[in-house]
Amino acid sequence: MSARIDDGTRRWLLAAWALCLVPLLLQLAPVTALATATVGALTVAMSWRHTLPSVLKLTLIALAVGAVVANYPGIGRDTGCALLAALLAIKPAETATVRDARSLVGFALFAPFSTFLLDAGPASLALGFIAALVSLLVLLRLSDAEAGLDAVHWSPRQALLAIGRLALTGLPLALAAFWLFPRLPGPLWGLPDRTLSKPGLSERMTPGQWLDALNDDTVAMRIRFTGIVPARSEMYWRGAVLWDFDGATWLPAPGLVARRAADLALQPPRWRYIADVEPTDDRLLALLEFPASAPTNTQRSADGTLHTTAPMTALTRWQMDAAPMQSFAADLPLDERQRALALPRGFNPRTVALGQQWRREAGGNDRAIILRALNMVHAGFAYSLTVPPPGRNWIDDFVFEGKVGYCQQFSTAFVVEMRAAGIPARIVTGYAGGYHNPVGDYWVVRNSDAHAWAEAWLPGQGWTRVDPTAAVAPDRIYDTLADRAPGAAGALGRFAALRPVWEVSDNLRRGWNDFVLGFNADTQARMFSALGIQRVTPETLLALFAFAMAIALGWMLWLLARGERVRDPLLRAWHALDRRYARKGLGREPDEPAEAWAQRAGEARPTSRSALLALARRFSGARYAPGTGSAERASLARDLRRHRP
């Protein structure tokens, strides 16, 4: 029967269990994470001394699983991870013996590994590393407990050294596999989607929908320019193009996705950059207007929208050339013109009448109508994220009553006015501006930089960008929440003194993306380019991997041949003494008792005979006589290390 665990071992065990759960809980919905942590704490408190009744266990399981079901409406990666966390929270209720403890550690280690299905950042790695380290310490302690060793003298320091030696043994093999084993361009299998997607651009726009995004400072992408850097006012990161409006919601035109690519007339490429796009579980890709060509593994529709061929469930990297636009679809097909002029019947009659009035007064001068709309915004409108709830004719309320809003209100009102005036217009969503991080000399585009602007079709020029919000507050366009420091630092981020801390930490994250997450098949093929080798073939990589693997295995065998270091410091000192005498030809035989060996060696070395006999008697007493204190053992080990034949 397996031995029961003592209170000290239980504390270490529960510490390992909690540390394993922490990185996973940080990636779950807040309500689910809080409920799971509460259930886990109740389980530990109630099962410390006594086994929980089955009815109570089932109740706790129901509470934890219920929180998952309530917050995750479907089946996906995050749902499975949340269920794993919920069940792990109940697991300590059945932990009483060493065997139970090993089972708890083994199951708990699934939690930090599952975290990487949701987030592969350095923070998740650091937390997972700490959890795995403490778990290994607990497994060593459980091994000592099962062997009957005294837990009082268990040394975490010695256990850490043992774990370090094991890690050092396998490290060369792990590095060889990471750097040299040929990587496939895509995954071996497809991961299910997440039930709760990460924040990202949406391909629809509804009143009030963007408030969460505009207050979300998490990073959407990081940009590194090589050569000329565009002015912040030129940084428009084009995402979705919205055509259809029902009075409340804007939607794209699905028929355009399968049509010809947009007929763009661009100036010569001016900007070259690399964009590291954070995972969004979506296919919409927002890049600097305008990409010189559609990147590989993307599809560009007639309105310039870019979609990836597969959801961006992991960090993606895009190396791009971009240039200012000279003309965009100078010939507008009839169906697109009709779509860009359509307005829902019975909505916002005052705004529609205003646009029709402008047309009568301006005649055929479309540019005068656009200028009139912008002048109206500049004269009497204000920018604010605090807007009243939308009603049926919310655009009329905005234009004629409140006159306060953000990009969603300004762009919608402008497009409705233009369509009412007979000018084809549409909405473009994406990001505007960015934050320059001086630590790494790159630009950060955050979710709070989400922006909506308009495009109006002008004869002879085609689709032309018009940003009505810029007429109110240009600084709010190019840095949407300029009064806040960048980064997900919450209220503390408002203090300028903390901005360098965020800049350093985000640069570390960028380095992690470069070094680990960005190391794909293409990067691996080009990793020797500094040596003049532009691309390495898979066959060459396999040969290099085999060579490195042979060296790594030789290293492992050499370390294993040396044998595991004795964990008892007293026994290590005794063996070291034996080796010093062995170099004089007086080593101890394997079956020779300590005092008999000391007598024999002392006869050959008379000057050391008495001291060696005394050390041998003390060693035998410390090893086999009960009641030897730790201070006495430490003193003996010190004397053994000092003795010389």
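The values are calculated or read from the model by the stated rules, or taken from the named source; none is laboratory data. What you are looking at is a predicted structure, and each value in this text was computed from that prediction instead of being measured. Counting neighbours? That spans all protein chains shown, and the Cβs are built from the backbone with ideal geometry, glycine included.
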Just wondering, is there one or more residues in the stretch 294-308 that are part of a loop (DSSP other than H, G, I, E, B), over 31 Å from the mean Cα position of the chain (by Cα) and loosely packed, with under 15 Cβ neighbours inside 10 Å? no
Among the candidates Thr59, Thr51, which residue alone is assigned to a loop (DSSP other than H, G, I, E, B) and out of contact with any helix residue (DSSP H, G or I) (no Cβ under 6 Å at 6 or more places or on another chain)? Thr51
Of (1) buried (at least 21 other Cβ atoms within 10 Å of the Cβ); (2) of a type outside the set (Phe, Trp, Tyr); (3) under 22 Å from the mean Cα position of the chain (by Cα); (4) closer than 22 Å to Leu140 by Cα, Leu88 satisfies all except one. Which? (3)
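Can you find a residue that is at pLDDT 75 or above and not assigned by TED's automatic domain parsing to the domain that holds Asp303 anywhere in the stretch 184-202? Before you say what the answer is, go through the steps one by one.
To start, the set of residues in the stretch 184-202 that are at pLDDT 75 or above comprises 201-202.
Remaining after also requiring not assigned by TED's automatic domain parsing to the domain that holds Asp303: 201-202.
Yes: one or more hits.
Which of the helices (runs of 4 or more DSSP H) found entirely inside the stretch 323-426 contain at least 1 residues meeting this: modelled with pLDDT under 90 and not β-branched (Val, Ile, Thr)?
Working: elements: 334-341, 349-362, 366-380, 394-397, 407-420.
Per the criteria, 334-341, 366-380, 407-420.
Here is a check on your reading of the model: is Gly629 more than 30 Å from Pro182 (Cα to Cα), out of contact with any strand residue (DSSP E or B) (no Cβ under 8 Å at 6 or more places or on another chain), at pLDDT below 80 and loosely packed, with under 12 Cβ neighbours inside 10 Å? So that I can check it myself, show each step before the final result.
Details: more than 30 Å from Pro182 (Cα to Cα): yes; out of contact with any strand residue (DSSP E or B) (no Cβ under 8 Å at 6 or more places or on another chain): yes; at pLDDT below 80: yes; loosely packed, with under 12 Cβ neighbours inside 10 Å: yes.
Yes.
Could you run through the stretch 334-354 and say how many residues are of a type in the set (Ser, Thr, Tyr) and free of Cβ contacts under 8 Å to residues at least 40 places away in the same chain? Before you say what the answer is, go through the steps one by one.
Taking the stretch 334-354 as the starting set, the residues that turn out to be of a type in the set (Ser, Thr, Tyr) are 351.
Keeping just the survivors that are free of Cβ contacts under 8 Å to residues at least 40 places away in the same chain gives none.
Residues meeting the conditions: 0.
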Tell me the residue from Arg49, Arg77 that is over 26 Å from Thr280 (Cα atoms) and charged (D, E, K, R), please. Arg49
For the stretch 4-25, does any single residue satisfy the condition of being outside any helix (DSSP H, G or I), buried (at least 17 other Cβ atoms within 10 Å of the Cβ) and either over 30 Å from the mean Cα position of the chain (by Cα) or of a type in the set (D, E, K, R) (or both)? yes
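Pull up the stretch 91-106, narrow it to residues that are over 14 Å from Thr43 (Cβ atoms) and of a type outside the set (Val, Ile, Thr), then point me to the one that is surrounded by the most Cβ atoms within 10 Å (Cβ to Cβ).
The initial filter retains those residues of the stretch 91-106 that are over 14 Å from Thr43 (Cβ atoms), namely 97-99, 101-103, 105-106.
Retained after the next criterion (residues that are of a type outside the set (Val, Ile, Thr)): 99, 101-103, 106.
Numbers: Arg99: 15, Ala101: 29, Arg102: 18, Ser103: 14, Gly106: 11.
My answer is Ala101.
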